[in-house]
Amino acid sequence: MATKVLVTDDDLNIVKLIKLYLEKEDYDVLTANNGKEALEVFKNDKPDIIILDIMMPEMDGNEVCREIRKSSDVPIIMLTAKGETFDKVLSLELGADDYLVKPFEMKELIARMKAILRRSENKGTSNGECVSFDKLEVNLTNYELKIDGRILEIPPKELELLYFLASNPNRVFTREQLLEKVWGFDYFGDSRTVDVHIKRLREKLEGIEANWQLKTVWGVGYKFEVR
C-alpha cells in the first residue's frame, strides 16, 4: 500500500508542484489549502506523514500541529517562508519532526520525508529494552515512560532521547552525537533540535525528587547524571 502524504499550503502552485513530485515517487497524495481543511483530511484519511505550511488562513500550521499532537504522533514536516530561529524552535516545541525553509529543493523534501518515515517505521522494532532508575522507567518495547509508577504521555522522539541518555549514565554527549545516535545520521536538522527536546523533557520531569537528572555540561552537551 502506498504511503499517504497530506500536503497543506494556501499556495496552490506549491501544492501542485509537491503533489506532482511525490506522485512520481509513488506516494498517495492528499491535499488541503488551509488549516481547518487539513485537520478534516487528517481525521478522515489518516495520512502517514504531513507536510504543513505555517502561514495559512483559517488556522495556521502551528495551531494544526498542536491539535494533531493531542491525538497522534504522525510525522510532521513544517514549511515556512521565515528563516528565523524562533519559528523553527516553536514548530519543534509544538511537536513537529522537522522543518524546511522556502524556497527548497524537492529532492531535499523527499529525502527528509524518507528519513523520517524510516525512523517512524523502526520505532516498533525494539528488542524489549528497558532502563530503570529511582522513580523512572523508560520502556522501548511499548514506548512507555513511567515516573514514580505513573504513566506519562510523551512523544516518541523525546522518549528515545531519554532512553539513550539513561542507557549511558554519567556519559556526556555532544549535540551532534545525540543527533546521530537518536535522530540518525541522515537527519537534516540542527543542534537546536536537541536543545528543544531536552527542554521539553525537563518540563515533564520537573519536581521529581530522585537520584538522577538531565544535566547540561556547558560547552559540551548533555548527560544523564546519576548521583
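Summary table below
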item	result
Condition check for Lys146: open to solvent by less than 70 Å² (accessible area, probe 1.4 Å) and of a type in the set (D, E, K, R)	yes
Enumerated helices (runs of 4 or more DSSP H) restricted to the stretch 154-227, each holding at least 1 residues that are open to solvent by 70 Å² or more (accessible area, probe 1.4 Å)	175-178, 192-205
Checklist (1) modelled with pLDDT of 90 or more; (2) of a type in the set (Val, Ile, Thr); (3) part of a loop (DSSP other than H, G, I, E, B) applied to Val138, failing item	(3)
Evaluation of Asp28 against (1) open to solvent by less than 20 Å² (accessible area, probe 1.4 Å); (2) among the acidic types (Asp, Glu); (3) under 22 Å from Ser71 (Cβ atoms) (one fails), failing number	(1)
Members of the stretch 97-117 found to be within 17 Å of the chain's Cα centre (by Cα) and open to solvent by 40 Å² or more (accessible area, probe 1.4 Å), listed by number	Asp97, Val101, Lys114
Complete set of residues in the stretch 7-23 that are in a helix (DSSP H, G or I) and of a type in the set (Asp, Glu)	Glu23
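Every residue, every condition in (1) touching a helix residue (DSSP H, G or I) at 6+ places or on another chain (Cβ under 8 Å); (2) open to solvent by less than 60 Å² (accessible area, probe 1.4 Å); (3) modelled with pLDDT under 90; (4) not β-branched (Val, Ile, Thr), yes or no:
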| residue | (1), (2), (3), (4) |
| --- | --- |
| Pro47 | yes, yes, no, yes |
| Ile51 | yes, yes, no, no |
| Met55 | yes, no, yes, yes |
| Glu58 | yes, no, yes, yes |
| Glu67 | yes, no, no, yes |
| Asp73 | yes, no, yes, yes |
| Met78 | yes, yes, no, yes |
| Gly83 | no, yes, yes, yes |
| Lys88 | yes, yes, yes, yes |
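The values are calculated or read from the model by the stated rules, or taken from the named source; none is laboratory data. Predicted model, so just to flag it, every value in this text is computed and none were measured. Don't worry about glycine lacking a Cβ; one is built from the backbone with ideal geometry, like all the others, and counts go over all protein chains shown. Ligands, DNA and RNA are excluded from the accessible area calculation, which covers all protein heavy atoms including side chains. Shrake-Rupley method; radii C 1.70, N 1.55, O 1.52, S 1.80 Å.
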